[in-house]
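K.L.:
I have a structure I would like to understand better, so I am pasting it below and will then ask my questions one at a time.
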Amino acid sequence: MIAIIDYDAGNIRSVEKAMLYLGQETAVTRDRDVILGADKVILPGVGSFGDAMGKIRQYGLEGVIHEVAEKQMPFLGICLGLQLLFERSDESPGVSGLGILEGEVLRIPERPELKIPHMGWNSLTFPRRGRLFSGVPEEPYVYFVHSYYLKAADEGIVTASADYGAHIHASVEKGNVFACQFHPEKSGDVGIQILKNFVEL
């Protein structure tokens, strides 16, 4: 069973639909026992870093997410879910993230030719091909919606990058913790392959 953590963020249902499409039993939940009893856990989300961390703390989910990471359960952060795994974000100064991974989330620099938020299809390159990208072609196109991007402290955990006004760390992998800035559930066949690879870990 796959637990999808419910902290009132946007986009949770589209991730649930993708898991059901892959034939997975899912639970959208904030129940500690259900989360810790799952085979795998997903932290999706669209929204503001500060608001999201406030909800995670309000619902008592911060400790549970740390337990999942420490128990070596496969864990996937998507979009805002990736950003929350890190230490801080320009979007919400003074608000600490989960700090499971080291790095910071920065505002995409303003440029006349760029639309922010970055919304649409962008190609990925693989500095090192992680387990999520098994069977995915080189330079695949995936779907992004974001105004802030990850700069991981350790580039060794970065498995996919994209360029949009900055060098974006688009996916990371460290042990049992995986995360994507883009939306695999909205990225067509490539995204389904990425989610299938997570399901099959």
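The values are calculated or read from the model by the stated rules, or taken from the named source; none is laboratory data. Owing to the predicted nature of the structure, the values given are computational and were not obtained by experimental measurement. Positions of Cβ are backbone-derived with ideal geometry, glycine not excepted, and every protein chain shown enters the neighbour counts. Just so you know, the surface numbers come from the protein's heavy atoms only, side chains and all, with ligands and any DNA or RNA stripped out. Shrake-Rupley method; radii C 1.70, N 1.55, O 1.52, S 1.80 Å.
K.L.:
Among LEU76, TYR149, GLN193, flag the residue with its Cα farthest along the positive direction of the charge dipole of the chain, charges on Cβ as +1 for Lys/Arg and -1 for Asp/Glu.
P.N.:
Going by the Cα projections, it comes out as GLN193.
K.L.:
Here's a follow-up. In deg cm²/dmol, rounded to 500, what helix-only [θ] at 222 nm does the chain give when every DSSP H run of at least 4 residues adds -39500 (n - 2.57) and the total is split over its residues? Show your work: numbers first, answer last.
P.N.:
Numbers: 6 runs with 52 residues, N = 201.
Result for the chain, helices only: -7000 deg cm²/dmol.
K.L.:
How large is ³J(HN,Hα) for each residue in the range 178-186, as worked out from phi by the Karplus curve 6.51 cos²θ - 1.76 cosθ + 1.60 (θ = phi - 60°), to whole Hz, x for Gly and Pro?
P.N.:
10, 7, 10, 6, 7, 9, x, 5, 10
K.L.:
Can you give me the % of accessible surface on the range 108-193 that is carbon or sulfur? Probe 1.4 Å, all protein chains present, nothing else counted. Display every interim value, and only then the final one.
P.N.:
Details: 1930 of 3890 Å².
Ligands and nucleic acids excluded, carbon and sulfur reach 50 percent.
K.L.:
With the Cα gyration tensor of the range 18-112 giving a ≥ b ≥ c as the square roots of its eigenvalues, does the rule (a/c under 1.5 for rounded; else a/b larger than b/c for prolate; else oblate) give rounded, prolate or oblate?
P.N.:
Numbers: a/c = 2.11, a/b = 1.57, b/c = 1.35.
Because a/c hits 1.5 or more and a/b exceeds b/c, the range 18-112 counts as prolate.
K.L.:
Another question about this same structure. Please report how many Lys pairs in the chain have alpha carbons closer than 22 angstrom, counting only residues at least 8 apart along the chain or sitting on separate chains.
P.N.:
15
K.L.:
With the cut-off at 1.5 for a/c, could you classify the range 145-187 from its C-alpha gyration tensor as rounded, prolate or oblate? Working shown, then result.
P.N.:
Details: a/c = 2.20, a/b = 1.17, b/c = 1.88.
Taking the square roots of the gyration eigenvalues as a ≥ b ≥ c, the range 145-187 is oblate.
K.L.:
Which value in Å does the Kirkwood hydrodynamic radius of the chain take, with 1/r averaged over all unlike C-alpha pairs and then inverted? Before the final figure, lay out each step's value.
P.N.:
On the way: mean 1/r = 0.0604 Å⁻¹.
Answer for the chain: a Kirkwood hydrodynamic radius of 16.6 Å.
K.L.:
Listed highest first by mean packing, meaning other Cβ atoms within 10 Å per residue, what order do 1-9, 178-186, 64-72 come in? Provide the component values of the computation, followed by the final result.
P.N.:
On the way: 1-9: 21.1, 178-186: 25.7, 64-72: 16.1.
With the highest mean Cβ count within 10 Å placed first, the list reads 178-186, 1-9, 64-72.
K.L.:
Which log10 I(q)/I(0) values, to two decimals, does the range 68-153 give at q = 0.16, 0.23 Å⁻¹ under the Debye formula with one point per Cα?
P.N.:
Taking Cα atoms of the range 68-153 as identical point scatterers yields -0.79, -1.30.
K.L.:
Quick check: Cα centre of the range 128-152 to Cα centre of the range 33-110, how many Å?
P.N.:
For the range 128-152 versus the range 33-110, the Cα centre distance is 18 Å.
K.L.:
Sticking with this structure for a sec: With the other protein chains left in place, how much accessible area per residue, in square angstrom, belongs to the range 71-201 at a 1.4 angstrom probe?
P.N.:
Working: 5530 Å² over 131 residues.
Each residue of the range 71-201 exposes 42 Å² on average to a 1.4 Å probe.
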